[in-house]
Amino acid sequence: MGLDLNLLVIFQAMMDNRSVTYTSRQLNLTQPAVSNALQRLRQYFKDDLFVMSGNRMLPTALAERLAAPTKALLTDAGALLTAARPFEPGTSDRTFVIGTSDHVTDTVIAGALNAVFAEAPKIRLDIVPLVEDQWSVLDTGEVDLHVLPYEFAPPDQPTFELYSDRYVVLCDRENHSVQAGMTPEELRSFRIIGALMGVPRKMRGGFAPQMTARLIDQASLTVKQFSQLPFMLEGSDRIAIVPRSQALMFCKRFKLAFCELGGEVPHLRMVAQVNRARESDAGLAWLIDKFVKAASAIQTDR
């Protein structure tokens, strides 16, 4: 007898929640329905799968082994069903989960929102931060789309070029010690704030020159997000090296200024990535196109 795919959805929810009660709430099912599904799963796999420990249900060794392939199977099945349905922006109520940094959120995504919701008023965008294990969350379908530096992107997933940005030095508007054309080496004597941009545990490689150019190794203070920088720069002698598109935005809203860097400084190359199973997803293609156009507008405005 084959296994009902809906049972695997319940299995996955049980792995996430470790509770019949929370699983029933998540899936909008009754607790008896979840318990019945769990019994059918136990009969099929000839294993308890989950056993009570205190007020939680812990997975057995077999359940732990089944977790990864189950998540992958459900991701592929979801991608297959999504690809089979045409995407109609005007009527779609789909949710897109986007993993990216605040730099991209503040510039490209913010710049695309009016166009996105004008065409697709019922969709939802869930923007989540990049995580250390970001390759796996794209593999498992926990995010639909990543927008990230090229060096962070796994080499085996479909990749779409978005834009290239150059770094500039950002400082208080009255900090006249910072001059245009100064090299990162010349800026090492300043008090530096470094934004780490959520560097992942795994990456394609080649990002070290970017970290060097941003003087992360010389920073007296580091933060996780670029959007934290203006509050720490305004009214001080501190500096930070940031993408030019974000510097432009900061200077419109805060009493800050930026100067172009001198010397050989690597550019920030930003790409969009989707799971290979979703390469033909019309909804994701539509959304990426909106981001490409917003990024192009940023480049034009410079």
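Miscellaneous remarks
- Selection from region 95-126 of residues that are touching a strand residue (DSSP E or B) at 6+ places or on another chain (Cβ under 9 Å) and within 15 Å of Lys224 (Cβ to Cβ): Gly99, Thr100, Ser101, Asp102, His103, Val104, Thr105
- Hey, Thr21 surrounded by fewer than 18 Cβ atoms within 10 Å (Cβ to Cβ) and touching an Asp or Glu at 6+ places or on another chain (Cβ under 6 Å) or not: no
- Restricting attention to region 41-60, the residues that are exposed (fewer than 11 other Cβ atoms within 10 Å of the Cβ) and more than 17 Å from Asn17 (Cα to Cα) total 2.
- Entirely in region 1-116, the strands (runs of 3 or more DSSP E) that have 2 or more residues that are polar (S, T, N, Q): 95-100
- Residue satisfying all of: in region 92-150; open to solvent by 20 Å² or more (accessible area, probe 1.4 Å), aromatic (Phe, Trp, Tyr) and under 30 Å from Leu73 (Cα atoms); farthest from the chain's Cα centre (by Cα) among these: Tyr150
- Considered as a group, the residues in region 245-258 that are of a type outside the set (S, T, N, Q) and assigned to a helix (DSSP H, G or I) include one that is surrounded by the most Cβ atoms within 10 Å (Cβ to Cβ), and that residue is Ala247.
- Check on Leu261, surrounded by fewer than 20 Cβ atoms within 10 Å (Cβ to Cβ), among the hydrophobic types (A, V, I, L, M, F, W, C) and farther than 13 Å from Arg173 by Cα: no
- Glu161 being farther than 24 Å from Asp133 by Cα and either out of contact with any Phe, Trp or Tyr (no Cβ under 7 Å at 6 or more places or on another chain) or not small (Gly, Ala, Ser) (or both): no
- Only residues that are more than 23 Å from Glu142 (Cβ to Cβ) and touching a helix residue (DSSP H, G or I) at 6+ places or on another chain (Cβ under 8 Å) were counted across region 39-60, and they come to 5.
- One residue stands out in region 203-237 among those that are in a helix (DSSP H, G or I) and of a type outside the set (A, V, I, L, M, F, W, C): the one that is modelled with the highest pLDDT, namely Pro230.
- Filtered residues of region 151-186 (kept if open to solvent by less than 10 Å² (accessible area, probe 1.4 Å) and without any contact (Cβ under 8 Å) to a residue 60 or more places away in the chain): Phe152
- Of residues in region 264-285 being open to solvent by 30 Å² or more (accessible area, probe 1.4 Å) and within 22 Å of Ile123 (Cβ to Cβ), the one modelled with the lowest pLDDT: Ala277
The values are calculated or read from the model by the stated rules, or taken from the named source; none is laboratory data. Model, not experiment: these values are computed from the prediction. Positions of Cβ are backbone-derived with ideal geometry, glycine not excepted, and every protein chain shown enters the neighbour counts. Note: areas computed on protein heavy atoms with side chains; ligands, DNA, RNA excluded. Shrake-Rupley method; radii C 1.70, N 1.55, O 1.52, S 1.80 Å.
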